[in-house]
Each structure stands twice: as structure tokens, then as C-alpha cells.
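The values are calculated or read from the model by the stated rules, or taken from the named source; none is laboratory data. What you see is a predicted model, and the numbers here were worked out from it, not measured in a lab. Reconstructed Cβ throughout: ideal geometry from the backbone, glycine too, with neighbour counts over all protein chains shown. In case anyone asks, the SASA skips ligands and DNA or RNA and just uses the protein heavy atoms, side chains included. Shrake-Rupley method; radii C 1.70, N 1.55, O 1.52, S 1.80 Å.
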Amino acid sequence: MTEKRQSIHGQWSSRWIFILAATGSAVGLGNVWKFPYITGENGGGAFVLVYLICIALVGLPIMVAEILIGRRGRQSPLNTMHALAQEAGRSPHWRWVGAMGIASGFLILSFYTVIAGWAVAYIFRAGSGAFQGATADEIDALFDGLLASPWALLGWHTLFMIMTVGVVARGVKSGLEQTVRIMMPALFLLLVLVVGFAMSTGAFERGVEFMFAPDFSKLTAESILIAMGHAFFTLSLGMGAIMIYGSYLPQNASIAGASITIALADTAVALLAGLAIFPIVFANGLQPGSGPGLVFQTLPLAFGQMPGGVVFGTLFFILLTFAAWSSSISIVEPVVAWLVETRGMTRSRACLVSGGVSWLLGIGTILSFNVWAEWKLAGKTFFDWMDYLTANIMLPLGGLFIALFAGWVMKRFDVQDELGLGESVWFKVWYAVTRYVTPVLVLVVFLHAVGIV
Ligand code: TRP
């Protein structure tokens with residue numbers, strides 16, 4: 001047995017803080033902004049079903065794999081995979097999986113902070129009473145007005161980027177950990193308030209039906225790929241974010257138990273977000289397939305009509321901002337850890353570099369909503385490409401290699417030692433799924449959608 005390593009970046013104070021931080025990473029724009037609009041665009045129930053299957057058979061096993069690889073290696077994903085591959089007598093080229101994760105991190109952060117910026121802007125809009133008594137058309141016009149203004153978008157994008165790297169620069173214990181300690185309980189409280197309200201509005205049944213009555217005629221190869229890609233995106237898998245969080249996990253904590261908790265919490269929030277949004281969509285004759293503006297066009301309508309809507313609306317967008325914030329820090333962390341380890345940078349400098357590059361790239365996403373809106377490659381704008389390339393290609397590929405790494409590259413003994421489940425059924429089931437089921441599923445969906453199979 002190899003001796004246990006220590007991370008040079010720090011360690012979570014407890015297993016509980018790790019669960020908070022990883023749940024904070026998983027629960028984000030993906031749950032509240034992206035999941036409802038892609039469900040709307042892909043026809044509802046059948047899509048949700050495929051998504052849930054992907055969470056269980058692809059997401060959960062890969063989450064366990066990422067955490068165990070991270071904790072075993074205790075370095076940035078790139079250096080961890082390099083070290084563990086060599087330790088197992090395998091090719092150091094496995095580090096390219098970590099390198100692809102770093103590239104994904106830059107790309108995801110670049111559009112994540114743009115969208116999160118919309119949420120921040122909407123705190124002020126809700127707070128100023130801009131939605132009170134407004135019609136659906138007026139709410140749409142407000143949203144279109146924001147998207148049409150590159151300077152406003154740039155301002156919010158810049159603010160959110162500073163908020164993100166500001167936390168990461170302060171380090172694992174005083175930055176990430178202190179932030180999730182405050183933000184996550186607040187987030188849960190706000191969520192309970194908002195869901196309570198959603199259940200009191202009409203058209204609840206039609207929303208439930210749309211989300212849970214599967215119509216398989218609406219399912220295409222591409223929508224299956226989108227469902228799988230989203231399972232990666234929403235659980236923060238495939239690029240090393242959960243892996244780096246795992247590298248800060250105390251040695252005695254249970255990886256399997258934590259993974260199940262995180263995946264359940266994340267799925268619950270996504271389903272609740274759908275249940276809050278679709279009833280409003282149907283009650284107001286809106287289109288479920290209206291795209292990335294969905295949350296920003298439906299919920300304000302509801303807030304504008306209900307008593308106490310100014311307070312609820314403001315609270316909701318604060319919630320969305322917190323959720324996005326505790327996610328965006330996890331997108332930068334692996335990149336920063338790598339820059340510190342390999343380039344010898346200080347944390348602050350590494351934050352400046354990684355935030356700066358993503359900030360610049362984000363300008364492409366900003367312009368794709370206005371000046372470049374007509375510029376399309378194969379029907380997709382710059383933002384569509386960033387999203388497609390990361391969620392549907394890079395994350396599934398990264399996840400596939402991570403599953404292969406835990407299942408086939410690392411020694412069975414080492415994997416078992418790190419998981420601490422002994423020779424139990426749980427271990428055997430996870431190991432078999434990770435070696436055979438997950439890689440085959442990812443590969444088949446992937447090749448099918450790309451048109452090869
Ligand atoms: N999971 C987050 C969300 O749903 C986004 C996110 C955070 C992420 N870290 C990630 C996505 C790493 C992919 C990879 O909003």
C-alpha cells in the first residue's frame with residue numbers, strides 16, 4: 001500500500017463541509033436555469049426519464065470514481081491522473097484527461113459567469129418592482145432589453161467573475177469553505193420558501209404532467225445526448241471539479257455515502273425547479289421550448305402578479321445567484337490548483353490568469369446574444385457552441401476516461417482501499433457498473449448522436 005498523500009492546497013474541516021461544498025458545486029444554474037429550458041425544448045417527460053437514468057447509471061458511478069481518484073492523488077486533476085497512472089505502471093498520457101478538464105474549465109466558466117450575471121441583474125429588477133403588474137410581453141421586452149445591451153451584460157459578467165475569483169483567491173479554508181458555510185444554508189432556506197409559493201399557484205398538474213408523462217415520440221438521438229450531457233453538467237462531472245473537491249476530503253470519510261447525498265440533493269433541486277416553472281408556463285400560455293430565457297421570462301411574471309412578489313422575486317434571484325456562485329468557484333478551482341502546482345504561481349495570480357482568460361472568452365457569449373446573434377455555424381451561435389462543446393462532448397468524454405481510469409487503470413486493490421467498502425455487494429456493483437455499463441452507455445450515446453453508430 002502506498003502512503004497517504006496530503007494536498008498542498010488544504011483540506012475540508014469535515015466530511016460534512018465536503019458534502020456542502022460539492023452540493024454547492026452541483027446545484028447551480030444547471031438545475032434552475034438549464035434543466036427547465038432543455039426539458040422544455042426536448043418535449044418533457046421522456047427527456048426527464050432519460051436524464052434520471054443517466055444520473056443513476058452514468059453520473060453516480062462517475063462521481064464516486066472522481067472523488068476516489070481525487071482523494072488518492074491529492075493534487076490537481078492533471079497531476080493526480082499522471083501520478084496515479086504511473087503508480088499503476090500505466091502511461092503518463094492519462095494526464096491528457098486532466099488537461100482536457102482544464103480546457104473545459106476555461107470554456108464553461110466563460111459562459112457560466114455571463115448567465116449568472118443575468119441572475120444578479122434580476123435581483124435589482126425584482127427588487128425595484130419592475131415586474132409588478134407587467135404582462136408577459138412586457139416581461140419579455142425587459143429580458144430582450146438586457147440581452148440587447150452588450151455593455152450591461154459585460155458589466156454583470158465582470159462583477160460575477162470578480163465575485164468568483166475573489167472567493168477562490170482566499171483559498172480552500174477561508175475562501176471556499178467559509179463561503180459555502182454561509183451560502184448553502186441560506187440557499188436551502190430560500191428554496192423552501194420559493195417551492196412553497198410554487199405549490200400554491202394554479203396549473204400545478206399540467207406542469208407535473210409535462211415533466212413526468214413520457215412521450216417517446218419526442219425523443220431524438222440528439223435529445224438523449226443532451227440528457228446525458230446534462231447529467232454531467234449538473235453533477236459537475238467530467239472535468240475534475242468534483243475530483244479536486246475530493247482531493248481535499250479527509251481520509252476517513254465515506255465516498256459512496258457522500259456521492260449519493262450529493263446526487264439526490266442535486267436531482268431534487270432540478271425537479272423542484274421544473275415543478276416551479278412549468279405550471280407558470282402553462283397557466284400563462286407561454287411556450288415551454290422558448291430556450292435560455294425561460295426562467296427569466298416565466299418566474300418574473302408570477303412574481304409580478306402575486307402579493308409579496310417584490311420580496312419573493314428578490315429572494316429568488318438572490319438564491320439563483322448564490323447557487324451559481326457556489327458552482328462557479330468549483331469550475332475555477334481545478335484550473336487554479338494546476339497553475340499553482342505546475343506553474344508555481346501564487347493563488348491570487350492563478351485566479352487572475354484563469355479568471356482573465358475566461359472573462360475574455362465570455363465576451364464571445366455576450367455578443368452572441370446581440371451583435372453576433374446572426375453569426376451561426378451549423379445553426380449554432382457562439383454561446384450554443386460553447387455549451388454544446390463542453391456539456392455534450394468534453395464532459396462526457398472526460399467522464400468516460402475517468403470511469404475507465406478507476407475501472408481499468410488503477411489497481412483493484414487501491415480502488416478498494418480508497419473506497420473503504422471492502423468486498424461488499426456495494427463495491428462489486430459499483431465496480432462492475434463503472435467498468436462495463438457506464439463506459440458502454442456513454443460511448444453508445446455519444447457515437448450515436450455524432451452519427452457514427
Ligand atoms: N453543476 C453546476 C450547475 O449545475 C455547474 C458546474 C460547476 C459544473 N462545476 C462544474 C459543470 C464542473 C461542469 C463541470 O450549474
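Structure summary
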read-out: Unit charges on C-beta of K, R, D, E only; dipole of the chain, Debye; value: 1340
read-out: Heavy-atom accessible surface of the chain: percent carbon and sulfur, 1.4 Å; value: 68
read-out: Percent of Cα-Cα distances greater than 26 Å, calculated over region 180-309; value: 37
read-out: Rounded to whole Hz, the Karplus (6.51, -1.76, 1.60) HN-Hα couplings of region 248-262, x for glycine and proline; value: 9, 7, x, 4, 8, 7, 7, 6, 5, x, 4, 4, 5, 4, 5
read-out: Inter-label distance for residue 408 and residue 348, nm, one decimal - labels placed 7 Å from Cα along Cα-to-Cβ; value: 4.6
read-out: Alpha-carbon Debye profile of region 87-242, log10 I(q)/I(0) at 0.09, 0.11, 0.21 Å⁻¹; value: -0.50, -0.75, -1.42
read-out: D_trans [Stokes-Einstein, Kirkwood Rh over alpha-carbon pairs] for region 328-453, 20 °C, 1.002 mPa s, µm² s⁻¹; value: 119
read-out: Heavy atoms of residue 74 accessible to a 1.4 Å probe, total area in Å² rounded to 10; value: 10
read-out: Leading residue at positive end of dipole, region 110-230 (Cβ point charges), from 207, 134, 117; value: 117
read-out: Residues whose placed amide H lies under 5 Å from that of residue 380, excluding near-sequence neighbours; value: none
read-out: HN-Hα J in Hz across region 394-403 - Karplus 6.51, -1.76, 1.60, θ = phi - 60°, x for Gly and Pro; value: 5, 5, x, 5, x, x, 4, 5, 5, 5
read-out: Net length gained if the chain between residue 182 and residue 103 were fully extended (0.36 nm per residue, minus Cα distance); value: 25.4 nm
read-out: Debye, to nearest 20: dipole size of region 163-288, +1 on Lys, Arg Cβ, -1 on Asp, Glu Cβ; value: 400
read-out: Distance from region 88-150 to region 25-72 (C-alpha centre basis), Å; value: 18
read-out: Length released on extending from residue 128 to residue 371, taking residue separation times 0.36 nm less the Cα-Cα span; value: 84.7 nm
read-out: Residue-normalised accessible area of the chain, given per residue in Å² at a 1.4 Å probe; value: 37
read-out: Translational D in µm²/s for region 126-181 (Stokes-Einstein at 20 °C, 1.002 mPa s, Kirkwood Rh from C-alpha pairs); value: 154
read-out: Stokes-Einstein diffusion coefficient of the chain, Kirkwood radius over Cα pairs, 20 °C, 1.002 mPa s, in µm²/s; value: 97
read-out: Fully extended contour minus Cα-Cα distance, from residue 152 to residue 213, at 0.36 nm per residue; value: 18.0 nm
read-out: Only Lys, Arg (+1) and Asp, Glu (-1) charged, at Cβ; region 36-180 dipole about Cα centre in debye; value: 920
read-out: Net charge contributed by nearby residues that have their C-beta within less than 10 Å of residue 169 (K/R +1, D/E -1); value: +3
read-out: Spin-label model distance (nm) - residue 380 vs residue 137, 7 Å beyond Cα toward Cβ; value: 3.5
read-out: Estimated 222 nm signal from helices in the chain, with DSSP H stretches of n ≥ 4 weighted -39500 (n - 2.57), rounded to 500; value: -23000 deg cm²/dmol
read-out: Rotationally averaged projected area of region 263-374 (alpha carbon convex hull; nm²); value: 10.2
read-out: Cβ crowding within 10 Å averaged over residues, with 367-380, 411-424, 119-132 ranked highest first; value: 119-132, 411-424, 367-380
